[in-house]
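One structure is given below, encoded as structure tokens.
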Protein chains: 2
Amino acid sequence: MKPVKVGILGLGTVGGGTVHILQRNAEEIARRAGRGIVVTHACAKEIKKQVEFSTDDIVLTQQLNDVVTDPEIDVIVELLGGTTLAREMTLLAIENGKHVVTANKALIGTHGNEIFKAAQEKGVMVAFEAAVAGGIPIIKVTREGLAANKINWLAGIINGTSNFILTEMRDKGSEFNDVLKEAQDLGYAEANPEFDIEGIDAAHKLTILASLSFGIPLQYDKVYVEGITKITPKDVQYADELGYRIKHLGIAKRTEKGIEMRVHPTFVPHKRLLANVDGVMNAVLVNGDMVGNTLHYGAGAGALPTGSAIVADLVDVVRALTTDPGNRVPHLAFQPNTLSDIPILSIDEVETAYYLRMNVLDKLGVLAQVTNILSQNNISIEAVLQKEPRDEHAEIVLLTHTVLEKQVNVAIQAIEQLGGIEGSVTRMRLETL
Amino acid sequence: MKPVKVGILGLGTVGGGTVHILQRNAEEIARRAGRGIVVTHACAKEIKKQVEFSTDDIVLTQQLNDVVTDPEIDVIVELLGGTTLAREMTLLAIENGKHVVTANKALIGTHGNEIFKAAQEKGVMVAFEAAVAGGIPIIKVTREGLAANKINWLAGIINGTSNFILTEMRDKGSEFNDVLKEAQDLGYAEANPEFDIEGIDAAHKLTILASLSFGIPLQYDKVYVEGITKITPKDVQYADELGYRIKHLGIAKRTEKGIEMRVHPTFVPHKRLLANVDGVMNAVLVNGDMVGNTLHYGAGAGALPTGSAIVADLVDVVRALTTDPGNRVPHLAFQPNTLSDIPILSIDEVETAYYLRMNVLDKLGVLAQVTNILSQNNISIEAVLQKEPRDEHAEIVLLTHTVLEKQVNVAIQAIEQLGGIEGSVTRMRLETL
């Protein structure tokens with residue numbers, strides 16, 4: 001059979017990785033796919049050769065349209081980044097009857113509904129395994145591997161930069177800002193790290209995973225997002241003392257009231273595998289009603305792991321070229337006419353346990369007042385640490401049982417009014433998973 | 001669209017789980033697959049209701065042929081166990097143009113080549129996700145998710161019974177036989193536990209994973225197999241002291257000389273996620289040349305996890321019903337005409353590191369003699385423990401660097417000849433993964 005022809009938009013880190021893999025493992029890939037997959041066209045302003053590849057047999061252009069509308073090309077790999085041009089080119093490719101493979105989580109997270117609708121109308125596929133957790137085939141696992149399950153919840157370390165920072169903070173007892181600088185020097189964090197450390201990138205990915213898990217439209221704007229910038233070495237140390245690790249998790253959960261979607265620093269029991277996923281690695285824990293917990297771990301970024309996901313998508317697309325569109329795996333795991341309008345809960349309605357830390361003047365009875373407020377708000381206490389006072393100051397650390405977020409907020413407000421409490425109460429959510 | 005009709009052979013634990021899932025999650029499954037999947041016929045000598053399901057709409061029979069040859073049925077789920085009748089019925093189903101889904105690792109491991117050939121000739125699918133690691137979609141991950149990779153090696157905890165026993169031995173310091181009895185009482189081990197504790201079950205599964213990873217025919221008879229029955233609490237404790245855990249691993253590795261396939265107790269560094277997979281849980285670590293390490297963890301057995309895998313296979317089969325056979329995912333991941341005849345290495349040719357334990361009479365100079373023998377055989381030492389003598393006896397524990405198995409055997413033989421050594425040398429392989 002003739003090789004399938006691919007046009008690639010962008011030859012940066014991931015684009016280069018993709019071409020490298022298609023060239024280097026060409027034989028292995030053809031042995032699997034039953035035919036070759038070759039990049040014939042590429043549009044690139046600059047070519048990054050982080051990994052080795054040849055452009056000898058690739059028609060290079062600076063005009064996106066040249067690639068996207070070329071009648072010879074079967075599949076477009078979109079690696080432009082951003083959402084404006086990427087959206088435009090993806091829609092144009094679809095309009096031209098091309099299948100699209102993309103690594104762009106922001107694009108899928110924010111414009112996925114529109115893109116999938118267009119693709120469905122045109123009978124083409126849009127594949128996006130590389131958009132979540134790099135080399136881990138978590139899209140395939142959730143969408144196909146766990147197809148027998150009603151997925152109850154998932155929790156993922158889906159941003160390598162923030163996981164690297166949290167790991168270093170714990171290993172070295174360092175301050176957030178110092179580790180961020182180190183991560184930037186090592187190339188693990190961007191010069192503008194906001195997307196990673198504020199949880200925006202994780203929220204895009206969580207949006208996608210939640211839709212695949214629960215059969216709901218993509219709703220990025222309803223994700224609650226909290227970054228890792230306010231975590232202190234003190235919190236990291238208390239977590240350790242209490243038998244937990246702080247991880248920046250994306251959590252999606254089906255409850256009777258609706259769907260929770262939230263990204264925030266989370267206390268995780270240190271014995272859980274997820275708590276032991278360190279450095280830049282990613283992992284997603286999925287709980288299905290039939291299978292129970294499954295965990296999937298691997299590299300979350302980088303030229304080759306992300307390229308591995310793109311090429312796997314290309315193989316899938318090649319296999320389904322002749323399948324009638326109705327029998328292909330649906331973009332969002334569920335048939336588009338069966339998507340559900342279950343409401344997404346606001347963070348106030350989320351139920352979870354909490355870690356609370358507060359500074360107290362060493363006055364007798366402050367702990368009693370605090371526990372009194374908690375009890376008035378029906379919040380029961382799982383553990384308490386009261387540290388020896390220093391300079392007349394002491395710290396109280398509490399872990400609560402599960403409670404509604406808005407109730408904790410009321411309690412925290414009341415605690416902060418107490419005469420014996422200095423400053424504000426530090427709060428982190430805790431999940432036993 | 002009309003629902004797809006399934007005939008099931010066996011309504012024991014897994015059969016019941018499968019029917020339970022298809023009934024309980026019928027809506028979810030149809031929302032994903034685009035049509036219903038219903039069990040219309042079942043052959044069962046006895047019906048185990050470990051989980052709830054209804055047989056009201058199922059035609060029950062005691063004749064396998066009634067189900068396998070019924071023209072109404074699209075897919076046969078084979079859950080007979082064993083390899084004789086299972087092979088016969090699978091081939092008969094194929095001959096009758098039916099697709100087959102099976103959980104039978106012994107069947108696929110030993111007769112898979114014949115079965116896949118017959119299926120290919122007839123243009124039907126044989127799906128076997130449930131045959132390896134229960135609810136973990138490891139077949140899908142290896143065969144599709146990592147399709148861009150040349151897989152270098154994999155290492156898996158793929159037998160829950162033996163992992164449960166090793167976990168208990170470590171947690172409680174117990175003897176193998178005591179824990180085996182406990183596992184039998186809990187229903188985690190069979191009355192005849194040989195398949196699990198001697199590694200035969202794991203070897204069947206490893207055979208399958210190796211073929212999917214390297215594109216080689218199934219070669220169960222070439223797997224080196226060693227069980228866990230000889231592990232003592234002493235070894236478990238030394239492993240701990242040295243920073244390792246003993247895990248019963250199935251390992252498949254591509255080397256320049258050929259393919260290694262081996263099942264044996266293995267020292268694994270305690271920081272590795274795989275070392276922390278405890279109890280009856282399974283996990284498979286796969287190393288691809290592009291993606292690096294990925295790990296997949298979950299329940300390895302049980303009515304619902306295994307049923308989850310069978311139903312996922314049914315969804316896949318339903319989607320590919322109208323696909324032309326040449327574009328389906330090949331049974332062994334690679335197109336059948338591209339399978340490779342790379343040789344499988346004998347255990348003598350395997351290179352790995354070793355843990356060695358020996359009893360010495362407390363004679364000065366025995367350690368020197370031992371290290372001398374190792375050095376003569378080009379075996380370098382990574383770590384040594386010499387325990388305080390008790391009753392004039394002492395123990396020497398050594399970890400070696402990587403070396404050829406046959407060289408270690410020569411050294412062990414020489415050590416056992418030494419006057420100061422009592423009994424035989426205990427040896428376990430060590431992998432840093």
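The values are calculated or read from the model by the stated rules, or taken from the named source; none is laboratory data. Bear in mind that the values here come from a model prediction, so they are computed numbers and not experimental data. Glycine gets a Cβ as well: all are built from the backbone with ideal geometry, and neighbour counts include every protein chain shown.
Of note:
- Hits in region A:372-399 (condition: under 17 Å from A:Gly243 (Cβ atoms), surrounded by fewer than 19 Cβ atoms within 10 Å (Cβ to Cβ) and not charged (D, E, K, R)): A:Ile381, A:Ala383, A:Val384, A:Leu385
- A:Gln369 meets each of the listed conditions (1) surrounded by 16 or more Cβ atoms within 10 Å (Cβ to Cβ); (2) part of a loop (DSSP other than H, G, I, E, B) apart from (2).
- Out of B:Glu382, B:Glu395, one residue alone is away from every other protein chain (no Cβ under 14 Å) and at pLDDT 95 or above. It is B:Glu382.
- Flag if A:Thr142 is within 14 Å of another protein chain (Cβ to nearest Cβ), in a helix (DSSP H, G or I) and among the polar types (S, T, N, Q): yes
- Those residues of region A:140-159 which are buried (at least 24 other Cβ atoms within 10 Å of the Cβ) and farther than 24 Å from A:Asp316 by Cβ, in sequence order: A:Ala155, A:Ile157, A:Asn159
- If you go through region A:388-413 and keep only what is touching a helix residue (DSSP H, G or I) at 6+ places or on another chain (Cβ under 9 Å) and outside any helix (DSSP H, G or I), you end up with A:Ala394, A:Glu395, A:Ile396, A:Val397, A:Leu398, A:Leu399, A:Thr400, A:Val403, A:Leu404.
- From the list B:Ala303, B:Ala299, the one residue that fits, being over 22 Å from A:Leu274 (Cα atoms), facing chain A (nearest Cβ under 10 Å), touching a helix residue (DSSP H, G or I) at 6+ places or on another chain (Cβ under 6 Å) and at pLDDT 95 or above, is B:Ala303.
- Of all the residues in region A:287-318, those that are within 30 Å of B:Thr323 (Cα to Cα), within 18 Å of the chain's Cα centre (by Cα) and among the hydrophobic types (A, V, I, L, M, F, W, C) number 2.
- When A:Ala155, A:Ala147, A:Ala130 are checked against the criterion of being within 14 Å of chain B (Cβ to nearest Cβ), touching a residue at least 60 places away in the same chain (Cβ under 8 Å) and part of a loop (DSSP other than H, G, I, E, B), a single residue qualifies: A:Ala147.
- Number of the exception - B:Asp313 against (1) assigned by TED's automatic domain parsing to the domain that holds B:Glu175; (2) more than 18 Å from B:Glu168 (Cβ to Cβ): (1)
So that you can scan it fast, the table gives a plain yes or no per residue for (1) surrounded by fewer than 22 Cβ atoms within 10 Å (Cβ to Cβ); (2) touching a His at 6+ places or on another chain (Cβ under 7 Å):
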position	(1), (2)
B:Ile47	yes, no
B:Asp70	yes, yes
B:Glu88	yes, no
B:Glu95	yes, no
B:Thr110	yes, no
B:Glu129	no, no
B:Ile138	no, yes
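- Flag for B:Val77 being of a type in the set (Val, Ile, Thr) and either crowded, with 20+ Cβ neighbours inside 10 Å or under 25 Å from B:Val132 (Cα atoms) (or both): yes
- From B:Lys230, B:Lys205, residue being among the basic types (Lys, Arg), assigned to a loop (DSSP other than H, G, I, E, B) and either in contact (Cβ under 8 Å) with a residue 12 or more places away in the chain or farther than 19 Å from B:Thr142 by Cα (or both): B:Lys230
- Residue under evaluation A:Phe53, criteria (1) surrounded by 20 or more Cβ atoms within 10 Å (Cβ to Cβ); (2) closer than 21 Å to A:Ala127 by Cα, criterion not met: (2)
- Qualifying residue in region B:234-247 (condition: closer than 22 Å to B:Ile151 by Cβ, under 21 Å from the mean Cα position of the chain (by Cα) and buried (at least 22 other Cβ atoms within 10 Å of the Cβ)): yes
- For region B:399-407, the count of residues that are of a type in the set (S, T, N, Q), modelled with pLDDT of 95 or more and in contact with a Phe, Trp or Tyr (Cβ under 7 Å, 6 or more places away or on another chain) is at least one.
- When residues of region B:158-173 are limited to those that are away from chain A (no Cβ under 13 Å) and more than 17 Å from the chain's Cα centre (by Cα), the one nearest to A:Met290 (Cα to Cα): B:Glu168
- If the condition is being closer than 22 Å to A:Ile108 by Cβ and either out of contact with any helix residue (DSSP H, G or I) (no Cβ under 6 Å at 6 or more places or on another chain) or free of Cβ contacts under 8 Å to residues at least 24 places away in the same chain (or both), then region A:233-253 contributes A:Leu249, A:Ile251, A:Lys253.
- Region B:177-197 residues that are assigned by TED's automatic domain parsing to the domain that holds B:Asn159 and at pLDDT 95 or above, paired with ones that are in a loop (DSSP other than H, G, I, E, B) and not hydrophobic (A, V, I, L, M, F, W, C) (beta carbon under 6 Å, 6 or more apart): B:Asp196/B:Asn159; B:Ile197/B:Gly227; B:Ile197/B:Thr229
- For region B:319-352, filtered to residues that are of a type in the set (A, V, I, L, M, F, W, C) and more than 8 Å from chain A (Cβ to nearest Cβ), the residue that is nearest to the chain's Cα centre (by Cα) is B:Leu332.
- Positions within region B:15-44 being part of a helix (DSSP H, G or I), more than 11 Å from chain A (Cβ to nearest Cβ) and buried (at least 21 other Cβ atoms within 10 Å of the Cβ), in sequence order: B:Gly15, B:Gly16, B:Val19
- Test: residue in region B:256-278 that is at the interface with chain A (Cβ under 7 Å from one of its Cβ atoms), farther than 20 Å from B:Leu209 by Cα, surrounded by 24 or more Cβ atoms within 10 Å (Cβ to Cβ) and touching a residue at least 40 places away in the same chain (Cβ under 8 Å): no
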